[in-house]
Structures are given as structure tokens and as C-alpha cells.
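First the structure, in the form of C-alpha cells, and then the observations on it.
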Amino acid sequence: MRSQAPAAGGDGGFHTAPDRRPRPGYSGRRRTGAGLAGLRLAGLRPAGLRPAGLRPAGLRLTGAGLAGVGASLLLLLAGCADPTPDQAPTECSVPAGSTLRDLDLQDSPETPWRKEDGEELLVYFETGGLEGRYVGLSTDAVDYWSVSPCVEAVAVASCPEDANCVTMVSVDNAGDDGESDGSFSGRDRGAYRTGGEITLHTGLLDRSSDNGALATIVHEMGHALGLVHRKDSEDVMNAYTSDTTDPEPDATNFVNLAVIYGTRH
Ligand SMILES: [Zn+2]
């Protein structure tokens, strides 16, 4: 297990929150710089994902000031009222007006894959270039996400032609900042994701427990599927994880997938 002391200066540049510090046992995550899709699609994020104006100052508005807050912001706040639902959705649908929950607004946006209503989104994760340990962990990780009624994630040695495909590669380093054990870079066309690459930085991951390495892989796959970071410090989609992070996505992650991909009812 790593026991990295929190580094002065925080994120090493790959997250945008200058006030955050890695937790003890921290393992770094996706670098913003790798988010080519995010840069390209900064203006196209899903409604409600990252509302302009949701700053702390905005929450201190007086009653009179609240009248000036847009309806979409109020809707988002209402949607965040229960960030930890007990149950994951059993169908890929959500009530009309549902919004993404417990978002870390410091994270860069992700892009959804194109999905037909009534069908699960099928995404392959190509593991042919990985060592055996990471092939096994990736095979475990896709099962966690496939619990979603919206998504079927499949680990394969080689993606079928013309399929939704995320390539998994490993590099023997700790990322450009020396603290990243995984990163994701999406390829998008227009408003949709068309592919991507997960990089496992084995310079750190090789020293992680299987639990910690699995959490990292689950986390990066979550980005690949369109999820951004969560505020909940214990959740696998939080910006930071450790060897003791529970790799199993909680119900909120599955609700968020349903918000992104589900039909409205
Ligand atoms: Zn991340």
C-alpha cells in the first residue's frame, strides 16, 4: 500500500481544484489535460451537469436574491436533495426532470455514447495489451458497471469491428505528475463519444492492493461510460481513491447513468 504524504500544492495540476489535497494513500486519477473531449466539448455538456453560477456565493443569496436564480439551478438543487438513494434503478428510465447527483463540480465534463432507447449501451473494453493481473481486474470491473440497466460493459482481448470500444493500455510510470495511477481520454464526435483510451500507470498500480487497483479501473471505466467525479469522498467516482476504497459503484452512480442514458417517464 502506498503511504504518500499529501503533497504540498495539491493536485499536481491534473484537477482544477487548487484547494484539494490527496488523502493519505491517495492514488491519482484522470488528468484534466488528457480530457481532449472535455476541451473540445466544453460548451456541449448535458444540461444540469455543470450550471454556470453554482458557486458558494450563489448559495448565500437572500430570499430576494433567490428570485433571480434560474429555474434550472433550482431544479438541480432539488435533484441533489437526496444524493444517496438506497436503490439503484431497475430500468433504464428516470422521472422527468431528474438531474445528476452529488457531482464534483470541479471535474471536467464527460460525453455520452449514443444509445438507442430500449437497448442497453454496449461498450467493449479492450484488454489485449494488458498484463494478466490487469486483465483479471478489468474483467471484474466491467461486471460492476453492467449491474446498470442502461449499460453492458464487456472486457475483450480485441474489440469487434465498429463496436463502441475503449482501449486499455499500461505504461510503467506514475503519470506526468508522478501521482496518477490511471487516466482516461475520450474520443468524441459532435455531442457523442465514439471511443477512448484508459491508461493504467503501473508505476503506482503495481504497488496497489488488488482492491485499490480494481477501484482505479472501475473509476476510469466510469469516466469512459460518461460519469464525472462525485463529491462523496468514499465513493469510487471521487477524484481520489486508496487501497481501501470500495470499488463497487453505489446506487447514486447507477442513478446518474440512468439520468444520462435513460428514458424519461
Ligand atoms: Zn477521475
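Hey, among the residues in segment 106-117 that are surrounded by fewer than 16 Cβ atoms within 10 Å (Cβ to Cβ) and in contact (Cβ under 8 Å) with a residue 60 or more places away in the chain, which one's farthest from the ligand (Cβ to nearest atom)?
The extreme case among them is Asp117.
For Ile198, indicate whether it is crowded, with 24+ Cβ neighbours inside 10 Å, within 12 Å of the ligand (Cβ to nearest atom) and assigned to a strand (DSSP E or B).
Working: crowded, with 24+ Cβ neighbours inside 10 Å: yes; within 12 Å of the ligand (Cβ to nearest atom): yes; assigned to a strand (DSSP E or B): yes.
Yes; evaluated as a whole, the condition is true for this residue.
Just to verify a result, which residue in segment 95-128, among those that are within 20 Å of Thr252 (Cα to Cα) and not in a loop (DSSP other than H, G, I, E, B), is nearest to the chain's Cα centre (by Cα)?
Start the filter on segment 95-128 by keeping residues that are within 20 Å of Thr252 (Cα to Cα), which leaves 95-113, 120-121.
Checking which are not in a loop (DSSP other than H, G, I, E, B) leaves us with 103, 113, 121.
On the way: Leu103: 10, Trp113: 14, Leu121: 16 Å.
Among residues in segment 95-128 that are within 20 Å of Thr252 (Cα to Cα) and not in a loop (DSSP other than H, G, I, E, B), the one nearest to the chain's Cα centre (by Cα) is Leu103.
The residues listed here are Thr139, Thr127; of these, the one that is without any contact (Cβ under 8 Å) to a residue 40 or more places away in the chain and within 17 Å of Gly182 (Cβ to Cβ) is Thr139.
In this structure, is Gly203 under 18 Å from Gly129 (Cβ atoms), more than 14 Å from the ligand (Cβ to nearest atom) and either at pLDDT 95 or above or in a helix (DSSP H, G or I) (or both)?
Details: under 18 Å from Gly129 (Cβ atoms): yes; more than 14 Å from the ligand (Cβ to nearest atom): yes; either at pLDDT 95 or above or in a helix (DSSP H, G or I) (or both): yes.
Yes.
Taking the listed residues Ala174, Ala163, the one that is more than 16 Å from the ligand (Cβ to nearest atom), more than 17 Å from the chain's Cα centre (by Cα) and over 24 Å from Glu248 (Cβ atoms) is Ala163, with no other qualifying. Thr263 meets all of the listed conditions (1) more than 16 Å from the ligand (Cβ to nearest atom); (2) closer than 15 Å to Ala141 by Cα; (3) polar (S, T, N, Q) but one, namely (2).
Only residues that are within 12 Å of the ligand (Cβ to nearest atom), surrounded by fewer than 23 Cβ atoms within 10 Å (Cβ to Cβ) and in a loop (DSSP other than H, G, I, E, B): list them for segment 236-260, please. Once the filter is applied, which keeps residues that are within 12 Å of the ligand (Cβ to nearest atom), surrounded by fewer than 23 Cβ atoms within 10 Å (Cβ to Cβ) and in a loop (DSSP other than H, G, I, E, B), segment 236-260 yields only Tyr240.
Taking the condition of being within 13 Å of the ligand (Cβ to nearest atom) and more than 16 Å from the chain's Cα centre (by Cα), how many residues in segment 178-195 meet it? Give the derivation first.
Taking segment 178-195 first, the residues within 13 Å of the ligand (Cβ to nearest atom) are 179-186.
Retained after the next criterion (residues that are more than 16 Å from the chain's Cα centre (by Cα)): 179.
Looking only at that region, the number is 1.
Applying the selection to segment 215-235, what residues are more than 10 Å from the ligand (Cβ to nearest atom) and either more than 24 Å from Thr90 (Cβ to Cβ) or without any contact (Cβ under 8 Å) to a residue 60 or more places away in the chain (or both)? Of everything in segment 215-235, those that are more than 10 Å from the ligand (Cβ to nearest atom) and either more than 24 Å from Thr90 (Cβ to Cβ) or without any contact (Cβ under 8 Å) to a residue 60 or more places away in the chain (or both) turn out to be Ala215, Ile217, Lys231, Ser233, Glu234.
Whenever a residue of segment 176-187 is in a loop (DSSP other than H, G, I, E, B), its partners that are charged (D, E, K, R) and surrounded by fewer than 24 Cβ atoms within 10 Å (Cβ to Cβ), lying with C-beta atoms within less than 7 angstrom and at least six residues away or across chains, give the pairs Asp176/Arg31; Asp177/Arg31.
The values are calculated or read from the model by the stated rules, or taken from the named source; none is laboratory data. Because the structure is a prediction, the values reported are computed rather than measured. Note that we place each Cβ from the backbone using ideal geometry, even for glycine, and neighbour counts take in every protein chain shown.
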